[in-house]
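What follows draws every value from the coordinates through simple rules; no lab data is involved. Everything numeric here is computed off the predicted structure, so don't read it as measured data. Backbone-built Cβ (ideal geometry, glycine too); neighbour counts: all protein chains shown.
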């Protein structure tokens, strides 16, 4: 399983919906100002290439990891 981390502000509604259909699970991590909210898309290995292709073609910035990030791990780079 791969976990893609994307800032909520970086996605349009249609992009979010398209990614949601490609992911096994979508979670929203809501943070207080001034930190942006994040989406975590869980993607199975066989869907990884199509998911990355969509992100790259749409010019969407993302981070990826194989270990599911905790809320603290998501917040650390923003501090």
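Among the residues of the stretch 33-52, are any surrounded by fewer than 11 Cβ atoms within 10 Å (Cβ to Cβ) and under 12 Å from the mean Cα position of the chain (by Cα)? No; the residues of the stretch 33-52 include none that is surrounded by fewer than 11 Cβ atoms within 10 Å (Cβ to Cβ) and under 12 Å from the mean Cα position of the chain (by Cα). The strands (runs of 3 or more DSSP E) located wholly in the stretch 15-71 that include 2 or more residues which are without any contact (Cβ under 8 Å) to a residue 40 or more places away in the chain occupy 25-29, 38-43. Here is the figure for the stretch 29-79: residues that are touching a helix residue (DSSP H, G or I) at 6+ places or on another chain (Cβ under 7 Å) and closer than 20 Å to residue 1 by Cβ total 11.
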